[in-house]
Structure formats: C-alpha cells, structure tokens
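We did not get these values from a lab; they are worked out from the coordinates using the rules stated. Here the structure is a predicted model, which means the values were calculated and not measured. FYI the Cβ positions are ideal-geometry reconstructions off the backbone, even for glycines, and counts take in every protein chain you see.
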Amino acid sequence: MQGSPELPPPPPMQPRSVADILETAFDLYRRHWVTLVQIVAYLIVPLTLLQYLIGDLLEGEDEGSGVIAGSLLLVFASVFIGLLLTGAIAWAVARILVGREPDISDCYRNGYRRIWSILLVAVLSALAIGAGFILFVIPGFIVLTRLSVAIPAVVIEQRKGTDALGRSWNLVKGYGWPVFGALIVSWLIAGIVNGILTAIGGDNWFVSGIFAAIGSIITTPFTALVVGLIYFDLRVRKENLDVATLEREVQAAAAP
C-alpha cells in the first residue's frame, strides 16, 4: 500500500530498536508537524489558559462556592479535552503510518466517537497502575509499561475496557524493557522541554499559560508518535503486521 502521491511513503513495517523508534518519531514529526501541532493547539491552548486563569482566580481563596465551581469546571474541561485529544492524536498517528496526512476534523471526530471507551480504559489503567505503586514502586512501573499501548488498541482495533488492557498486556509481554526504555526517554525529552518553557512564564498567569501551552503543543505529538510506533512495532514482531493490514483496520475503524 503506497502513500498519497503528494506524501512520502509510509515508514516500513519492520521491527525497530528503541533508538529506531525515537528516530522515526522525530522524522515523522518533522514531516507532519504542521497538522500535528494544529490538532493539539486547538484544544490545548484554551484548556491551558483556562487552567491558569482559574488557578489565578482561586489563589488565596480558602472556601466558598466559587472555589468549588471553578475546580469542578477545571476538572471536567481537563478530562473531556484530554480524552478527546488522546483519541484524536492516536488516530492521526495511525493515518501517518499508512502514508496519509491526517485530517484535523476527521481526527477529532474519531477521537470523540471513542471518548467513553478511552475514559474507561484510562480509569482502569489508573486504578491498576495505582495499585501497582501501592504494592511497592516496581510493580507500578511494570503495570504502566504493560498497559502503555491500550489506547491505540481502542482507537485502531476498536477494543474496549478490559479487552483493550489485555491486548496491551499481551503485546508488551516479552518486550517490557525496550518498551519502558522508549517511553522513559520520550517522557524525559517532553519533561525537559515543558519544564524550560513553563519556567519562562514567570508569575503572570497569561504568559505562563501561553508558554505551558506551547510546551504541550510541541511535546504531545512526539510522545503520541512514540507510543503509536511502539504499538505497531509490537504487532510487527508478534503478528507480522503490514501496511495493507493496518490500512484495512483504519478503514474499518473509520466506518460509521
């Protein structure tokens, strides 16, 4: 399956080392950064500014209905937008890996269609990971690694709940260390970039919010690309996944 004539061909479906996954993520980011940045920016900018505005308004408040209402609004907006963005970016990554330029509205539409499945998987994952950390630290990292590709399984394979978690667990099984390594490196890169940009804002809530949003806009597509590449790499290793098969799955997932 070839990519669109105006685009470079999709990266080959082949086993990749941690270094190869990170290098491919950077390369795909370079090719598609305009679309990826827009997908994140349209949601992250208003959300981040809202977070910083409410934080500024609530600063110094000790009690009252305003504090409660503001906090609830912030939680609701953060969860909804975060879930929508998770699905949208996962869909964009899948489109890129079959050689298609993601369509922003299509990514949002597919993210919204799966938002409740993503929420369920996110809640179950958080509970499992939290329990792992309660049972000492190492089990928490093991569970986090094993469940790291559950969201792509929701978006691409249309799996739900514990089925998506089980799918991720089985895919990662036997490759925990390289998966953990790729995740840690991508998170460190994202953390450094976000930390630098957030620090620039200083005490002004608006400036801080803008730089925090810029940090998220830059790093969110990269970390999503890494997770997507890990997911597809595992399927290549265990199932001999090819671009044609992935294209069929993407078309099936896009069907009403």
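A few points about this structure:
- Tilt relative to the chain, helix 115-134 - C-alpha long axis, 0 to 90 degrees, to 10: 80 degrees
- Contact order relative to length of the chain, as percent, for alpha carbon pairs under 8 angstrom and 6 or more apart: 30 percent
- Degrees, to the nearest 10: 176-200 long Cα axis against longest axis of the chain: 40 degrees
- For the chain, the 222 nm mean residue ellipticity estimated from helices alone, with every DSSP H stretch of n ≥ 4 adding -39500 (n - 2.57) and the total spread over all residues, rounds to -27500 deg cm²/dmol.
- Fluctuation leader among Y231, Y175, Y108 - the chain, Gaussian network, Cα springs under 10 angstrom: Y175
- Likely footprinting exposure, L124, L83, L171, fewest C-beta neighbours within 10 Å first: L124, L83, L171
- Evaluated on segment 18-254, the Kirkwood hydrodynamic radius is 18.7 Å, with distances taken between all distinct Cα atoms.
- The chain: most fluctuating residue of V40, V155, V143 per GNM, C-alpha cutoff 10 Å: V143
- Per-pair calculated FRET efficiency, R0 = 30 Å: A19 and A255 via Cβ, rounded to 0.05: 0.25
- In order through segment 166-171: 3J(HN,Hα) via Karplus (6.51 cos²θ - 1.76 cosθ + 1.60), integer Hz, x for Gly, Pro: x, 4, 4, 4, 6, 5
- With Cα atoms, 0 to 90° folded angle of helix 18-58 axis to the chain main axis: 20 degrees
- When the chain is treated as a GNM with alpha-carbon contacts under 10 Å, the residue of V37, V79, V149 showing the greatest mean-square fluctuation is V79.
- Annotation for R31 and I196: the two label points, set 7 Å from Cα along the Cα-Cβ direction, are 2.6 nm apart.
- Across segment 90-103, rounded Karplus estimates of 3J(HN,Hα) from the backbone phi angles (6.51 cos²θ - 1.76 cosθ + 1.60, θ = phi - 60°) give 4, 5, 4, 4, 4, 5, 4, 6, 9, x, 10, 6, x, 9 Hz, Gly and Pro being marked x.
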